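Some notes on the structure that comes next.
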Amino acid sequence: MPSWPALLSQAFNGLALGALLALVSSGLTIILGTLGVLNFAHGALFAVGAYAVFVILQYTQSFVLALVIGCGFMLLLGFLLERIIIRLFYNRPHEDQILVTYGVGIVLVECIRAAFGGNAQRVPTPSWGQGATQLGFLIYPTYRLQLIAIIAMLLLSLYLVLYRTSMGLVVRAGIENPGMVGILGINLRRTFLLVFAIGVVAVGLAGMLYAPVVAVTPDMGANFMAQSFVVIVLGGLGSFPGAVIGGLIAGEIISLTSAFNSSYSEVMLYALMALLLVLRPQGLFGSEGRV
């Protein structure tokens, strides 16, 4: 039985992991909900973001500037992927989408491996995030606390864009009835391009923010891809609030279960997903009939 300080520490770890999963899953669920595309390259894009900040940081020596430039790079990559490949598969079967995005993911990972090798790289913790913070009941790494706050602000910003702007209105309308949006004369292709690029930036930014916490490797996004699909199943397909709540639930389940037995952390997560699919197939915030 773990001690109370250990449980509290794992609860904070779960909050940090859950926030990260929420950011990764928000990009995935926006792409799936709006475009109907199952993006199996999402994990590879997470790794691309981590390596982007690793490279840019060597030239800028500023973590914040590296994040800004890295987001610009991910935005450009998202535009290119959508224009060259993804737009050709909007009306294709999901099997085709899975195959092509899975293939894109493999190409991206192997390009990273060819450029940087298979050895792990380290991204230093920014100077403003070094050390530990005394919370009264435990001492916790400062950067992880800042990571929670940064991702919370990013998710709030994304929420405001989706629910408080005209572009967000078009995106949400496209999720519910893309045919009607097209009839109203709205340029869906341009909207879809922007939505896909935003999703790519979200997952890339998650990789950049997580890079100082773990070793950066070409395959680091594989586990996040699997977990993010679990998150959107828990929260409901196409639901942004569902992605946030589902991410927090998944993060706490993984971390708290690890405090007792790390071998069962993934098992408990998938067991919860299976139970929810039986009791509420549309997820916590999803609507019936969404596919």
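Values in this text are rule-based calculations from the coordinates and carry no lab data. Source: prediction; values computed, not measured. Glycine gets a Cβ as well: all are built from the backbone with ideal geometry, and neighbour counts include every protein chain shown.
Can you figure out the FRET efficiency of Asp96 with Arg189, using R₀ = 25 Å and their beta-carbon distance, to the nearest 0.05? Please list the in-between numbers first.
Values: r = 19 Å, r/R0 = 0.76.
With R0 = 25 Å, the Cβ-Cβ based efficiency is 0.85.
Multiply the residue separation of Phe116 and Ser262 by 0.36 nm, subtract the distance between their alpha-carbon atoms, and state the gained length in nm to one decimal. Intermediate values should be presented prior to the final figure.
Working: separation 146, 0.36 × 146 = 52.56 nm, distance 3.05 nm.
In short, 49.5 nm is gained.
Centre-to-centre, using Cα atoms only, region 1-22 and region 116-135 are separated by 19 Å. Fewest neighbouring Cβ atoms within 10 Å first, the residues Val200, Val233, Val48 line up as Val233, Val48, Val200. For the chain, the membrane-span-like helix rule (DSSP H, alpha carbon extent of at least 18 Å along the helix axis, mean Kyte-Doolittle at least 1.6) picks out 63-84, 188-210, 265-279; this says nothing about an actual membrane. Distances between placed amide hydrogens fall under 5 Å for Thr133 paired with Tyr140, Thr142, all partners being 5 or more residues away or on another chain.
Put a dot 7 Å past the Cα of Ile106, heading toward its Cβ, do the same for Leu76, and the two dots end up 2.8 nm apart.
In plain terms, the chain is cut at each of the trypsin sites (Lys or Arg not before Pro) found in a DSSP loop with at most 16 other Cβ atoms within 10 Å, and the longest leftover piece is 123-289. Distances between every pair of Cα atoms in region 18-217, grouped in 5 Å steps from 0 to the bin holding the largest one, split as 1, 7, 14, 19, 18, 15, 11, 7, 4, 2, 1, 0 percent. Cβ-to-Cβ counts within 10 Å put Leu35, Leu269 in ascending order as Leu269, Leu35, the fewest first.
With r defined as the distance between the Cβ atoms of Met167 and Leu277 and R0 fixed at 30 Å, what FRET efficiency is calculated, to the nearest 0.05?
Values: r = 33 Å, r/R0 = 1.09.
So the FRET efficiency works out to roughly 0.40.
Restricting region 31-132 to GluC sites (Glu not before Pro) that sit in a DSSP loop and have at most 10 other Cβ atoms within 10 Å of their own Cβ leaves nothing.
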